[in-house]
Every structure is written in structure tokens, then in C-alpha cells.
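Take a look at the structure set out below.
No value in this document is a laboratory result; all are computed from the given coordinates. As the structure is a computational prediction, the values presented were derived from the model and not from experiment. Positions of Cβ are backbone-derived with ideal geometry, glycine not excepted, and every protein chain shown enters the neighbour counts.
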Amino acid sequence: MTLQALTYFISVARHRSFTKAAEECYVTQPALSRSISDLEQELHCRLLNRTSRTVTLTPEGETCLAEAMRVIAACERLRERVNEVSREQERPVRIGYIIYDHLMYLFRLLYDKDFAEQGYPLEPVYITGTEMKQRFQEGEMDAMILPEPSASDLEDVDCVPILRGRAHAILSQNHPLYDCDSISITQLSDSRFIEWGNDVPLLRAAYANLCRTAGFEPKIVDSAEKMGDMVAKLLIHNAVGFGTAVGHEFREGVRYIPLADGSDHFGLVCVFHTETGAPQVERLRRTLKESSMQ
């Protein structure tokens, strides 16, 4: 018994005509008739009553028609599901980010792991932190790159560290501490600060906490939503900003200087859903986990 034979039989039963069924199935009438006869022989019963003018179903034929339609429908579902999985394997991993330097750090990390040869199709999405988390929770985003403090309110997620490090002060070249290789938070007590905006409240609170733990309230003169804005505003105000350790990123006129007495939980994490069946997402997660263990 073949799917082709069942398809031919369904067509004959629908049209009540061998001629019309043969036209619909793009097959000769003798070939279609042989296929139906073979099906009847295999089932050991007559499925159709044939006359020169009409074709009708026998009781066995009625049962065969109902079952054949279920089989064909199941095969269509199987085909669609397999095609869906195939498309899912080819679909790029949608990964959100809020700071361009973070995305570049991830790319460098992946290229060090033969990213190009292994082929991780990524679809980076530059987006605000609030919207990114919302779209992630709704399943529209496969992963997110976040500073570690910003991921502390997420539940049922897998946070894979991709960079561990202390908080960094971002200083303009006119700041008196610009040439230091490392500074303490207390040395910044008289400085003016650019804080992160409302879009990353956990990160903003974490940095403000560093100052309060050191015994002073930061003097906020402006806020920024993006790293580019942060740099521009601290240059304008000759102020200080805080940033996640992002490797060896240097921008003209500013330096990232590690805080010697700062927390060591200001690295980057790549956030994944706890469970996902997308093969490309799982491959990316495994690669980053292997990197974090080295």
C-alpha cells in the first residue's frame, strides 16, 4: 500500500469518475485503474462499484476513504512539521543588545571559536532594554546581551557569562585621574556623573550603589540612554560615567579605567530561555558556555 494509491483512491471517490481522477492526478486512466485494483487486492475487498456510467463506494470503500483521508492528512502534517524544523535550523538567531561594544565583544569571542567556519547566523537587534526584555519574554527574541546587574530580575532564564570583570569608570581626557591604570570609587567623590537612563534602571541603581557604599551620593549632571550619548555628555560636562568591562574598547578622548574597590559582578551575560528547541540557539549557547569555562 502506498500513499500514491491512497491519493488516487481519494480522487476517484471524490469525483466518482476514473477519467476526472486521472486528469486531477496527472496520470493515465489505465495506470490509475491498476493502482486501485492493487489496493483492493491488498485489502482483500472491493472498494468501488464500477459501471459504464457511475462509480460508487462499497461499505468497505466508505471506511477506506475515511481512513485514507486521515492518513494523507497525517502525512501532510508530518511534512509541514519537518519543513518547519528545517526552516528553524536556517533561521538566524535573534539576539538583542543595548550597547554596540557589547555586541562587538560577542562577535570577537565567537570568531575566536571559529565562528565563521561553524556558521552561526545571527540577527542582531539594537533595541531599548525595556522593549528587549518584553520581546524576549514574548518569545520574539532568542537571546539578549546584558550587563550582569540588568539580568538580575529575570526568571526562568539561563544567563551565560561571556565577560567577567569589575565596574569601570569612563573618564574624559581632561579628568585629573585620566592617566591612572586603576582608581578607587572614593577618588571620584568630588566628580560629576552621567547616569544611565530610565531604560536600564537596575544597571543605574547598581552603579549608584557603588558610590553610596563608598560613602557619598553621586552628583548627577545628566543621563544617557546609549553609550555614544554617555561619552558625548561626559566630554561636555567633564564628568564621569560607569560602564561594563568591554575588553579593550577605547574611544577617542575617553578611557575605561577599572575600579579597584568595585564589585566583580559587572561583566556581560548572554541570556537565553531556559528551554528552547531551536538548534542554532542551542549551538550558540553551548559555544558560549564552553568559552565561559575556559
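A compact table of results
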| item | result |
| --- | --- |
| About the Cα centre, charge dipole magnitude for region 3-89 (Lys/Arg +1, Asp/Glu -1 at Cβ), debye | 260 |
| The chain: relative contact order as a whole-number percent, Cα under 8 Å and 6+ apart | 22 |
| For Val240, residues with placed amide H under 5 Å, excluding near neighbours | Arg192, Phe193, Ile194 |
| Calculated [θ] (222 nm, deg cm²/dmol) that DSSP helices of n ≥ 4 give over the chain, each run adding -39,500 (n - 2.57) | -14000 deg cm²/dmol |
| Convex hull per residue volume in Å³, alpha carbons only, for region 1-160 | 201 |
| Binned Cα-Cα distance frequencies in region 168-258 - 10 Å width, integer % | 18, 57, 25, 0 |
| Highest-fluctuation residue, Ser182, Ser191, Ser35 considered, GNM on the chain with Cα pairs under 10 Å | Ser35 |
| Listed residues His273, Asn209, Leu259: farthest to the positive end of the dipole of the chain (Cβ charges) | His273 |
| Residues listed by number, region 126-145, amide nitrogen under 19 Å from Lys289 label point at 7 Å toward C-beta | 142-145 |
| Computed Kirkwood radius, in angstrom, where 1/r is averaged over Cα pairs of the chain | 23.9 |
| Most mobile listed residue (Arg164, Arg50, Arg94) in the chain, GNM with C-alpha springs under 10 Å | Arg50 |
| Debye intensity ratio in log₁₀ form over the Cα atoms of region 3-89, taken at each q of 0.11, 0.20, 0.26 Å⁻¹ | -0.34, -0.89, -1.32 |
| Lys, Arg +1 and Asp, Glu -1 on Cβ, resulting dipole of the chain about Cα centre, debye, nearest 20 | 880 |
| Cβ charges +1 (Lys, Arg) and -1 (Asp, Glu), total dipole of region 158-238, debye | 100 |
| Amide H contacts under 5 Å for Ile162, placed H, 5+ residues apart | Leu268, Val269, Cys270 |
